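For reference, the structure is listed below as structure tokens.
The values are calculated or read from the model by the stated rules, or taken from the named source; none is laboratory data. Keep in mind that this is a model prediction, so the values were computed, not measured. Cβ coordinates were reconstructed from backbone atoms using ideal geometry, including for glycine residues, and neighbour counts include every protein chain displayed. The area values use the complete protein model at the heavy-atom level, side chains included, leaving out ligands, DNA and RNA. Shrake-Rupley method; radii C 1.70, N 1.55, O 1.52, S 1.80 Å.
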There are 4 protein chains.
Amino acid sequence: MPGNTFGTVFRVTTWGESHGPALGAVVDGCPPGLTLSAEDINEELAWRKSRDPRVSTSRKEPDQVEICSGVFEDRTTGTPISLLIRNRDVDSSSYDHLRNLFRPGHADYTYWHKYGIREKRGGGRASGRETVARVAAGAVAKKVLDQHGIIVLSYTLALGGIRAQKLDFDEVYKNPLFCPDAEAVPRIIERLKEVKEAGDSVGGVVEIRAQGCPAGLGEPVFAKLDAMLAAALMGIGAVKGVEIGSGFAAANMLGSENNDPLSPAGFLTNNSGGILGGISNGDEIVARVAVKPIPSIEKEQQTITEDGEPTKLSVKGRHDVSAIPRIVPVCTAMVRLVLADMLLQQRAIR
Amino acid sequence: MPGNTFGTVFRVTTWGESHGPALGAVVDGCPPGLTLSAEDINEELAWRKSRDPRVSTSRKEPDQVEICSGVFEDRTTGTPISLLIRNRDVDSSSYDHLRNLFRPGHADYTYWHKYGIREKRGGGRASGRETVARVAAGAVAKKVLDQHGIIVLSYTLALGGIRAQKLDFDEVYKNPLFCPDAEAVPRIIERLKEVKEAGDSVGGVVEIRAQGCPAGLGEPVFAKLDAMLAAALMGIGAVKGVEIGSGFAAANMLGSENNDPLSPAGFLTNNSGGILGGISNGDEIVARVAVKPIPSIEKEQQTITEDGEPTKLSVKGRHDVSAIPRIVPVCTAMVRLVLADMLLQQRAIR
Amino acid sequence: MPGNTFGTVFRVTTWGESHGPALGAVVDGCPPGLTLSAEDINEELAWRKSRDPRVSTSRKEPDQVEICSGVFEDRTTGTPISLLIRNRDVDSSSYDHLRNLFRPGHADYTYWHKYGIREKRGGGRASGRETVARVAAGAVAKKVLDQHGIIVLSYTLALGGIRAQKLDFDEVYKNPLFCPDAEAVPRIIERLKEVKEAGDSVGGVVEIRAQGCPAGLGEPVFAKLDAMLAAALMGIGAVKGVEIGSGFAAANMLGSENNDPLSPAGFLTNNSGGILGGISNGDEIVARVAVKPIPSIEKEQQTITEDGEPTKLSVKGRHDVSAIPRIVPVCTAMVRLVLADMLLQQRAIR
Amino acid sequence: MPGNTFGTVFRVTTWGESHGPALGAVVDGCPPGLTLSAEDINEELAWRKSRDPRVSTSRKEPDQVEICSGVFEDRTTGTPISLLIRNRDVDSSSYDHLRNLFRPGHADYTYWHKYGIREKRGGGRASGRETVARVAAGAVAKKVLDQHGIIVLSYTLALGGIRAQKLDFDEVYKNPLFCPDAEAVPRIIERLKEVKEAGDSVGGVVEIRAQGCPAGLGEPVFAKLDAMLAAALMGIGAVKGVEIGSGFAAANMLGSENNDPLSPAGFLTNNSGGILGGISNGDEIVARVAVKPIPSIEKEQQTITEDGEPTKLSVKGRHDVSAIPRIVPVCTAMVRLVLADMLLQQRAIR
């Protein structure tokens, strides 16, 4: 069944495997007349790239998009926008020793059960590489949000057990971790080095904020704004949890603590995370996602072969220690897709 | 925009307001030949009802469904199944003092901004009453799952700050809290009484397990099984967070801890919560949701009127202290809807 | 698979069988604030009823809708509108002799192959009775169109081989055939009587016009306005053909004849039927449908039983001689559903 | 709003303009394990090309597809299949004189009203060139149908007023007109030459047959097989009418003539065109489409400029005299897409 399309009015279909010729996205339903160039998209793709060898692996060349349709003289025309990104570094020889076994924590076991076939060149559609198409599409969604003054910002709230103690948003794009706490950065990098040397990997938490979002977005009862954000974010590879506003902390709160009092100037607190009854309330939208440690580790693990025989596995080669920070721009992109879609949906009814 | 339909192959559309004449659901895409009677559905609806006055408010009469179509001689025919549940207790006079102001933590503010109109009889479509239609539809989904031996169980993991210390699933349906820890029950009830007397409310955590689910369900990359579960569960009124398997704890784990080793007999641990790469792996599916405290409290709160004037609010009348336990069967229903849909989707490709 | 939902933004789900307890529709995505009462819908349902015994069979009581949700104080609220119409006359004894055989031209053979089960009370979901839900939903769509001054009119262009020679639209609602040519009416009625006495049935052509439709509606390339009209109209029970503007005549025309010249005052002809490239051009939208003769005839026919044995069939009881005129308001309803949906879709992009 | 996706389970999204860099399609929901190569698709694309200069214009080089994803070692993997076809001949200078006026019968007027922007390089998304993506996707659908022994054949039934008098299906691929009547071919070619010399264009009728289709396909009541075929075919550029089986002729028939009697060996006639109640009955599926004359003609026509000023237009340059025969493989492709989708949909329920 088709699972590669996201959104209702602003609708994105992605395709592509990590070791195939290319990846891409088709954005259908984008309003006409928006300025859009390849540079706009390449800039977002660059954020997804590693900028620090201590933090993540690097493919040499940056990703470059080709806009194949839907744009004329740097303006969207209202027809589908096809975005194409070539894979440049598709040597899959480092996957040779993995081809007949299943990697713990990976999707190769489940893809094989689902499709009865294995794409043995690499991670295939389950690779983190898949998210390049999401980021490209998110760059188009950004254009819709720009028109309405909506800004989406994601950052590393915690990584390797170390949590940002302050939220200095100006700091986010200044360090390779997208961390809003400059003092936490060297400590986290130290921690990542330790883990790498131990042949292990770590998880963390990404927080996403959307500012400037008008009240009224979200479609009860099943396409609520928080439900769509949850689907969008949980659908990113390494994410194991999503919370909005006070989130899991709300489970331990009293109503008198968690309710956000209303004043003539607006809400006095924001435990709701900007969403009430599944509809935006005009306040800042706040979500957090739990990111699991990357499953590919050098440490020896117990697993089985395709024939069901027990074996040991140690994943060699370049592998990130954490899906963070690469996943940060992906979170931004997914939230942009949701908000652009919900904005256009709301236009249809009023 | 339409937001009241859930699912792709097994597709449910719900309708109805808390103080209107009725609520209901249309289940389209249900396979033909399944046995289905009103009793099957009424039984599920009964679980949604309070059985203990210490825990939640009670409407006197149980909900009764009328099956208006799609069933002939107690068997589904393959045509849409229309389920109708009359509202019996729709006196909305207790809402009179709420009609010109906004309740903190409630959706009346956002519905008003979204639709430009207020349904002043009660909670309307944002009321917890809405979930009766979900539970009815979930009872149909159960029939699909029964054929495949899949069982979904939800229970109260924590409530009012007290967490179940053991998971005795036989206990769940024996106490009014759906709590798997018999010893925790009196302590929680005591806590609920305290909170009630203080005019306040509390949150908690519900855990959901699905057993017997085959490997291969879920549609990458956007309709992943965990993404659909997240949307399904986050779309329930009071839910502020969803996690799968190790969930937010994964953010603090090492890869070597979080990865589930594979043996010829299966996975040795289940941090994945039964889902890898968005596809079920044949292990038990485990999800948890954070439930916020009910926003309607007697304690005085600061708010504004429709005209934007500041005012004080104390919500009188019968109100539950927590959305738990009522929300427990709703979680079960939503997970059933997701699994039935994904089962049928998988049939289409193989 | 779900096939009972129509539309994207203005989305209708229908349900119900001819001999079940009720039929209905859920209209999701209707803008809030429109006036809507049961009378508005009952009025449309009344047009679907026979008013002349020479023309069609009569059920004694008119259909009455109950609006179960989505309307508060006679205004739509933006939430799903649930419409319920009880079946009053569900004696299915006249179907007794049909239960073990297949009626030529009917859907009982194909439903049985599709679902592996037969609803033996009557026509079930394949009965013309199903269209009562479409007409009810169409009455809601009319409210959306009213706001934009769009009027949809359908009428009998030909019946039993006799074609209307003039189009006097004021005449349409004055005769029981919805025929715009008063002089043709008695001739057609005479023809219907002859056919009825011969135990046979006849087909005809219905023409549908939509006036006041703005340029710009329709979503290329697959959800073109003409494609959606074709699906909407071909999806009505007895329809075997749909054409737009010059339609099949265009196959015999030259480009210089069929092209509609443009002047500063608009198009000089309307061979396009108001649609170019799948998008409305601001001119009148014109469609025609071919309606096959009703398959239930008294004349003896050759058929087989469920066991595959040859047998003879003569369908007794009250049966219309033609699906026309009953089908005329159904065509109107379906075109209204398409236009309301396309209007709201267009709002989303500009 | 997104209108560029077709199908529910076997779902195709197309993109691309006539004078942009490329066109393409993403096929999502294709079952895994089917053999598929670029050659399979190029072969279908070749049929779409002119093979006779008397009949239609020629672009020198054949279209070549690149399969960018979803296929590994010549087998589909179950992930989205991205197909890319480069435009090679995108000199748009011949469109220079058309840029500030509207061509009668063309979509430039309506696109401008819809999107508020004009793609002035050529026909853009409204060009017949768009159909190359449909044909490519149809070649994938063919693989699904091959597994079930379903064959789709389309041919020219009438062109320029001359109708095929016999249906010799072996003849269809032997002449440049895809005409099943060898004797009609020279007469039609003669007629096309006359029309071309007169600076005019002509329409015709294409007939489509699907053999081997099992009973049970089609999803009542809105996604009926005939409704989906009607949408699929009416959504092709030049099509103004669609009929199934006896089609418009049924409007003049008696029930006793139009009903197909059933015998133990099957239906004795096929006026239904293989579809009853919107569900396939196991008989051959037969559809016909009316194709309008190509609107671009050299003969002088009356039109207006973008500023609304009256002007005259004579379209120079290479233009086909008729959309037939190029449209014939497009009809085949669209019917394949419908049948592949419906086959997989039916799998989901039984």
From the protein chains alone at 1.4 Å, what is the descending order of accessible area for C:307, A:181, largest first? C:307, A:181
Quick check: Cα centre of region C:131-156 to Cα centre of region A:177-239, how many Å? 47 Å
Sequence-distant residues sharing a close amide H with residue C:157 (under 5 Å, placed H): C:205, C:206, C:207
Take peptide C:158-165, look around each residue's Cβ out to 10 angstrom, count Cβ atoms belonging to other protein chains, and average those counts. 2
Only protein chains counted, 1.4 angstrom probe. Which residues of region C:82-98 are at least 10 Å² less accessible in the assembly than when their chain is isolated? C:82, C:84, C:86
Roughly how crowded by other chains is peptide C:198-210, in terms of the mean Cβ count from those chains within 10 Å of each of its Cβ atoms? 3
Which of the three applies to region D:102-235, rounded, prolate or oblate, going by the alpha-carbon gyration tensor with a ≥ b ≥ c and a/c under 1.5 meaning rounded? oblate
Heavy-atom accessible surface buried between A and D, both sides counted, 1.4 angstrom probe, nearest 100 Å², is 3400 Å²
Can you tell me how region C:5-349 classifies by the Cα gyration tensor, rounded, prolate or oblate, using a/c under 1.5 as the rounded cut? oblate
Provide the per residue accessible area, probe 1.4 Å, for region D:1-119, rounded to a whole number of square angstrom. 34 Å²
Membrane-span-like helices (DSSP H runs, Cα span along own axis at least 24 Å, mean Kyte-Doolittle at least 0.5) in chain D -> D:131-147, D:327-349
Name the residues of region D:1-24 whose accessible area, probed at 1.4 Å, falls by at least 50 Å² once all protein chains are in place instead of their chain on its own? D:1, D:2, D:3, D:4, D:9, D:11, D:15, D:17
Can you work out the accessible area per residue across region C:177-283, with the rest of the protein chains kept in place, probe 1.4 Å, in square angstrom? 26 Å²
Expected integer from the mean partner chain Cβ neighbour count at 10 Å over A:285-293 is 5
From most to least accessible, 1.4 Å probe, no ligand or DNA/RNA atoms counted, D:311, C:77 line up as D:311, C:77
Cα Rg, Dmax (largest Cα-Cα span) when computed across the protein assembly as shown, Å: 31.2, 95
Around residue A:82, with a cut-off of 11 angstrom between Cβ atoms, what is the net charge of the other residues, counting Lys and Arg +1 and Asp and Glu -1? -3
Can you pick out the pairs among A:224/B:240; B:49/B:120; D:196/D:312; B:174/B:196; C:193/C:316 whose Cα atoms lie more than 18 Å from each other? B:49/B:120; D:196/D:312; B:174/B:196
Estimated inter-spin distance, residue D:74 and residue A:88, nm [label 7 Å along Cα→Cβ]: 3.3 nm
Would you mind telling me the share, in percent, of accessible area of region C:5-349 contributed by carbon and sulfur at probe 1.4 angstrom? 48 percent
